[in-house]
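Shown next, in C-alpha cells, is the structure this report addresses.
The values are calculated or read from the model by the stated rules, or taken from the named source; none is laboratory data. Since this is a predicted model, take the numbers as computed values, not measurements. Quick reminder, even Gly has a Cβ in these numbers, built from the backbone with ideal geometry, and neighbours come from all protein chains shown.
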Amino acid sequence: MKAIYKKAAAYFLIMAVLISSAGCSKKVKKEPKPEPKATAVVDNGNTDAKGKGGGQSDVPLVIGCDKIKKKFNPFVMKNGADKQAVDLTQIYLLENDRNGEIIYHGIDGEVKDYDGNSYTYYGPADVDVSFNDDKNETLYTITLRDDLLFNDGEPVNIDDVIFTMYVLCDKNYKGDFKLGLQNIKGLSKYRKGKAKKIAGIRRIGDYKMTVTTAGYDKNMIYALQIPICPLHYYGDINKYNPKKNKFGFKRGDISSVCANKSSPVGAGAYRFVKYENGIIYYASNEIYYKGCPKIAYVQIKEMTSILKAASNKIEKAIETEQSEEGIEEQRDIKGEYTPVPEGTLNHNAEAMEMSEGTMDIINADLTSEDLFWVSQVNSNGEISGNKIDTQFISDGSYQYLGINASNVKVGNNPISRQSKNLRRAFATAASAFKSDLYESYKEGTEIIEYPYLSSLWFMPKTGDEGYSKAYVTDIDGNELYDEDTDPERKYERVKEAVLGYLKAAGYTISSDDKVMTAPRGAHMSYSIMIAGGAKNPLYQLVNDISVLFEEIGMRLNILPVSSERLLKNRLSKGEQQLWIGSCDIKDDYWIAGKYTDNNSIFGMHDNMLTKLEQKADTSVTNKKLKKLYGQFFERVRNIAVEVPVNEFKTAIMYSSARIDMDTMTRDVTLFYNWSNEIENIEMK
C-alpha cells in the first residue's frame, strides 16, 4: 500500500504563466468565490468549536493510511501518513491545477481546462512574476488574502509567510521544502552568517511581500508552494520584528520551531483533535476560507496491521479452498480460472476491509487479480459500483528502456546515423511489445509515448499538433501496425523493421533474414540489466525483445540486478549497454539534464539538446516552453537512447456505500487529489 496522499507541490517542474487554450472561444463560467462562514458557535476563536455545523454529517470520513510516525509538524513531516495528517490542517501559499500548473491568481480564482472539463481554482494568494533583463533579476510579488484565519481564530498575515520562509531558509533546516535551495538574493550570505537578513525577502505591508532572485530559475515558483505556518504557534512573537532583523526564532537554531508540537495548527479544512491508538481524530474548521467542510469529523486510521491481519485471513481461506473439492471455478480479469469458495467475499484485503466498514478511502497497488476481487464486491461486477468506487492516478514515476549511446554504437561516433539505427532496432522492438503490459495490469498502467509523466501540462497529448507514437515505423518511415493488426502479422512486421534498422546500421543480413556479422564498433551480443530480475513487472517485455533478437541471430543477454539501488550504482559507472529504468519526477526535476550532463547515464553529448535546454531555461511562457519541449522530445527520439514504456498507477478506493460520490472531487490526478476539495465531500 502506498502513501494515501502525495502533495502536488511539484517544485521541480518548469515555471509557467497562465494562458488560455489556443483557438478556444468557448465561454467558461467561473465558479463563485468561496467565503468562510462559520456554521456553529465559535468560542475562543475556533479552539473550542465542536466541528459540527448546521447540516453536517455526524458520520466520520475514515481515511486509511500507512504507518503513522507522529511527526505532526509541517516543518519536519516526512512520511506519507504524517504529511496527510498535517496537510488536513494547513493551507499552502500557492496552489496548482490538475496538470501540475501553478495558480498565479488564487484570490479571485482561475478557470483551467482538464480533459475537456473546466474547473475554477482558488487559493490564499496571488503571485506576479517579473524578469528584469538589465539587472538579471526575477521579482515575485506575493499578495495574501486579507480574510484568512488560522483554525484557532488568529488572523493570517504576511508575517506568518515571512516567518515560514526564514525557517525554510535557515542553514539548519533539513526538511523536504526546497525554498532554501533557490537563488534568493542575499540567502547565501545570510546562511553563512555574513548578513542579518535575506536581502531578497522584503515585507511591503500586512498582506504583501516580494522575493527577488538572481537570474531566473524555473524551479522557484514551485519552491513557493509552502505551508503558511502560524508565527504565534510555531515561532516566538517576541523574537519577530523584521525592521530589527528578527524573524521569530534564533537564527541557526530552529529546534524550538521544529519541536514536535502536540498537534498541528494551520488554516486548513480541519482541526487536529488528538492521536490515539493508531487513529488521528479531526473536527471541521468552521472558518476555513473555502467554506465549512460538509463532513464534521474525519479520522486517519493506520491500516498496516489491520490489512496484514486481513491478508492472513484470506490466505487461510485460500488454503481451505484448495483442500475442498467440487468448488466452482470463475474466470478472473486475466482470463485465468480461480476457484471461488461459497461465502467468500473477496481475496483482496483492502476491498474486504472497505466492504466491512473499516475505512472509506485508501490508496492501494492493485494487480489485475486484485481488481477482479474488487469487482466482486459490487453488484454490477465492475471495479466501480454500489460498494466501492475505484479511480487511478499516476504513482509519480515512469518506466523506460535505456540505451547508453557510448556503449551501443557503430564506429566511434555515438550519434552517427548508423549508431542511431542500431539503437532504433532495440527501441522498435521495445515499443512494439510494451502494449502487452496493459493486458497484465489493465487500468493499473498507462502506456506512454514520451519520456516523462503524461499528465503534466507541457507534455504532448493525443490530438496535439505533432503528437506521435514512439518507434512505430520502419527504416523507410512506414507505419508498422495499428490496433487491428493481427498479432502474428504485427510480430513479423516488427521483426522486418528491426532487421531493416540493423542493415542500415551496417550489419550483414543473410537471404533468410539472419544477422551474420556486425560493423566495426558494434556487436552480435548485447546485455540488458533489470532490477529484480524475473520479479520486475517489465521482465516479460525484456524477454520478448530477447527472443526476437535470438530469432534473427543476435543475443540480448538478460542480467538480473538484485535491487534498484544497485542498478543505479552500476549505471553511474557508465559501463551499461541497455537497462530497464524507473524515473521518479522527484529525483529528475530537470527534464534535460539527465541527457546533457557530463555524467549522463545515456552516455552522449548533443549540442542541439543543450541549446534546447538553454532556451527552455530562459522561457517564461507556456506556449514557448511546450513547443521547445516538443522539439526536445523529438530530438531524444531521434538519438534513440530512451524508450518510454509506461506509468504504473495507484488505485484510490472509495466507499461508495457511505460516501456520496456525486460530491467527490472529479478528475483527480497526481497533482490534484480528492483532498484538495475535501470541504465539498458529503457522507450518505
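Assorted remarks:
- Failed condition for Lys626, given (1) surrounded by fewer than 17 Cβ atoms within 10 Å (Cβ to Cβ); (2) among the basic types (Lys, Arg); (3) out of contact with any helix residue (DSSP H, G or I) (no Cβ under 8 Å at 6 or more places or on another chain): (1)
- Residue check, Asn157 under 16 Å from Tyr240 (Cα atoms) and assigned by TED's automatic domain parsing to the domain that holds Lys244: yes
- Here Gln540 clears all of (1) of a type in the set (S, T, N, Q); (2) in contact with a Phe, Trp or Tyr (Cβ under 9 Å, 6 or more places away or on another chain); (3) not in a helix (DSSP H, G or I) except the condition numbered (3).
- Lone unmet requirement of (1) outside any helix (DSSP H, G or I); (2) within 17 Å of Arg637 (Cα to Cα); (3) aromatic (Phe, Trp, Tyr) for Phe426: (1)
- Answer residue from region 364-387, given it is among the charged types (D, E, K, R) and within 27 Å of the chain's Cα centre (by Cα) and is surrounded by the most Cβ atoms within 10 Å (Cβ to Cβ) among those: Asp370
- Selection within region 475-517 - part of a loop (DSSP other than H, G, I, E, B) and under 17 Å from Ala429 (Cβ atoms): Ile475, Asn478, Leu480, Tyr481, Thr485, Tyr507, Asp513, Lys514
- Test: Leu401 is touching a strand residue (DSSP E or B) at 6+ places or on another chain (Cβ under 7 Å), in contact (Cβ under 8 Å) with a residue 60 or more places away in the chain and buried (at least 18 other Cβ atoms within 10 Å of the Cβ): yes
- Residue in region 494-508 that is nearest to the chain's Cα centre (by Cα), counting only those that are at negative phi and of a type in the set (Gly, Ala, Ser): Ala497
- Region 653-668: number of residues that are crowded, with 20+ Cβ neighbours inside 10 Å and either of a type in the set (Val, Ile, Thr) or part of a helix (DSSP H, G or I) (or both): 1
- Of all residues in region 281-290 being under 28 Å from Ile107 (Cα atoms) and touching a strand residue (DSSP E or B) at 6+ places or on another chain (Cβ under 7 Å), the one that is surrounded by the fewest Cβ atoms within 10 Å (Cβ to Cβ): Ala283
- Of all residues in region 151-162, those satisfying the criterion of being outside any loop (DSSP other than H, G, I, E, B), over 14 Å from Gln90 (Cβ atoms) and not β-branched (Val, Ile, Thr) are Pro155, Asp159.
One line per residue, one yes/no per condition, for (1) in a loop (DSSP other than H, G, I, E, B); (2) touching a residue at least 24 places away in the same chain (Cβ under 8 Å); (3) assigned by TED's automatic domain parsing to the domain that holds Asp476:
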{"position": "Val410", "(1), (2), (3)": "yes, yes, yes"}
{"position": "Asn413", "(1), (2), (3)": "yes, no, yes"}
{"position": "Gln418", "(1), (2), (3)": "no, yes, yes"}
{"position": "Lys434", "(1), (2), (3)": "no, yes, yes"}
{"position": "Lys442", "(1), (2), (3)": "no, yes, yes"}
{"position": "Ser455", "(1), (2), (3)": "yes, yes, yes"}
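- Test result for Gly248, at positive phi and surrounded by 17 or more Cβ atoms within 10 Å (Cβ to Cβ): yes
- Hey, Ser468 more than 30 Å from Thr508 (Cα to Cα), in contact (Cβ under 8 Å) with a residue 24 or more places away in the chain and either of a type in the set (A, V, I, L, M, F, W, C) or assigned by TED's automatic domain parsing to the domain that holds Ala518 (or both) or not: no
- For region 163-196, a residue qualifies if it is over 28 Å from the mean Cα position of the chain (by Cα), under 20 Å from Ser256 (Cβ atoms) and surrounded by 18 or more Cβ atoms within 10 Å (Cβ to Cβ), and the qualifying residues are Phe163, Tyr190, Arg191.
- Residue within region 561-570 that is over 17 Å from Asn536 (Cα atoms), surrounded by 12 or more Cβ atoms within 10 Å (Cβ to Cβ), in the same structural domain as Asn404 (by TED's automatic domain parsing) and at pLDDT 90 or above present: yes
- Checking Thr473, Thr485, Thr462 one by one, the residue that is surrounded by fewer than 19 Cβ atoms within 10 Å (Cβ to Cβ) and in contact with a Leu (Cβ under 7 Å, 6 or more places away or on another chain) is Thr473 and no other.
- Looking only at region 251-280, and only at residues there that are of a type in the set (D, E, K, R) and part of a strand (DSSP E or B), the one that is surrounded by the most Cβ atoms within 10 Å (Cβ to Cβ): Arg271
- Any hit, region 669-678, residues being surrounded by 18 or more Cβ atoms within 10 Å (Cβ to Cβ), closer than 24 Å to Lys112 by Cβ, in contact with a Pro (Cβ under 6 Å, 6 or more places away or on another chain) and of a type outside the set (A, V, I, L, M, F, W, C): no
- Residue match in region 609-623 (condition: free of Cβ contacts under 8 Å to residues at least 60 places away in the same chain, over 26 Å from Glu465 (Cα atoms) and outside any helix (DSSP H, G or I)): no
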